[in-house]
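Chemist: Structure in structure tokens, see below.
Derivation of every value follows stated rules applied to the coordinates shown; laboratory data play no part. On a predicted model such as this, the values are computed, not experimentally measured, just so you know. No Cβ is skipped: glycine too gets one built from the backbone with ideal geometry, and neighbour counts run over all protein chains shown.
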Amino acid sequence: MGMANAGESVTQRFSYSFAEPVITDSDAGVLVEVEGCELYGPPGSPLLPVRGVTLKGRRGYRVAAVEVLPGDSVELVLERGVVYAMDAVRLAAMGEAHHLTKRNEDVYGRDTPYPVYGVDEGSRWRRDRRGGIDEVAVSLYPVRLIPAINRLLYYGEITVEVTWQRDEVREADGRGRGRERVVRHDGLQGRESVAAGVLEEGRYDHVIVTVTNFVSTKAPWNLAALVAARSSSGLASKIVTTEWIYSNYHGRDDAERIRSFVQDAY
């Protein structure tokens with residue numbers, strides 16, 4: 001990670017390395033996978049590997065700009081077109097007749113790389129705010145496709161450049177809030193809360209509250225697999241069981257105990 005400071009703004013650079021793509025043939029076309037990435041694509045568009053990363057800012061600064069900068073590329077020749085993404089089917093509609101997703105010919109007819117870096121399709125990012133500090137979630141595409149000629153461009157390294165602008169309003173709003181909900185007291189019971197204990201191993205973006213039986217169901221249809229998938233996309237996840245919450249939090253009923261935990265863990 002690199003950092004440059006220019007008065008009221010700060011620019012950070014984060015570099016990410018990617019393994020070479022694994023290319024396999026299927027009935028529907030060529031499937032391209034990269035270790036540590038999830039396959040994603042708008043319905044009808046090429047299904048390509050994507051890695052999500054979350055970048056935390058500094059207190060008193062807001063996101064001003066985000067730029068995705070690919071490194072050198074290696075061109076790979078494909079014998080067939082890349083598989084395209086399908087529309088999601090509601091679980092309630094499984095088994096019912098539904099229309100098949102059509103390939104987006106506007107995309108597959110391009111003779112230029114897809115997705116395009118510098119616009120939404122290739123530089124997708126979202127600003128979040130946690131504990132008074134801005135965070136940026138960015139989607140990185142280590143491979144791009146030239147659909148019309150079945151050429152794949154692989155990038156072994158991608159750099160994300162984030163510029164943060166000083167914001168006095170946010171700085172004032174965030175003062176003194178860093179540990180506001182890490183250690184708190186239950187007004188009725190006079191007891192120090194314990195969410196920090198179960199989450200102390202690291203900072204989490206995503207907490208799953210569930211019963212123990214769901215945690216231990218047979219793989220791959222269990223919540224451990226969901227946590228692994230979320231983590232690989234840049235969303236740090238953690239499972240907390242309702243049994244643990246019920247035994248560690250007071251409340252008039254189970255729903256109130258869960259609400260107390262959520263407030264405490266936020």
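Chemist: Tell me, Leu152, Leu100, Leu145, Leu226 in order of fewest to most beta-carbon neighbours within 10 Å? List each step's numbers first, then the result.
Modeler: Working: Leu152 22, Leu100 7, Leu145 26, Leu226 16.
The order, fewest Cβ neighbours first, is Leu100, Leu226, Leu152, Leu145.
Chemist: For Arg259, Arg252, Arg51, what ranking results if the residue with the fewest other Cβ atoms within 10 Å of its Cβ goes first? List each step's numbers first, then the result.
Modeler: Numbers: Arg259 14, Arg252 8, Arg51 21.
Least crowded to most crowded, the residues run Arg252, Arg259, Arg51.
Chemist: I need Val32, Val160 ordered by Cβ neighbour count within 10 Å, fewest first. Each step should come with its number before you reach the end.
Modeler: Numbers: Val32 24, Val160 21.
Neighbour counts put them in this order, fewest first: Val160, Val32.
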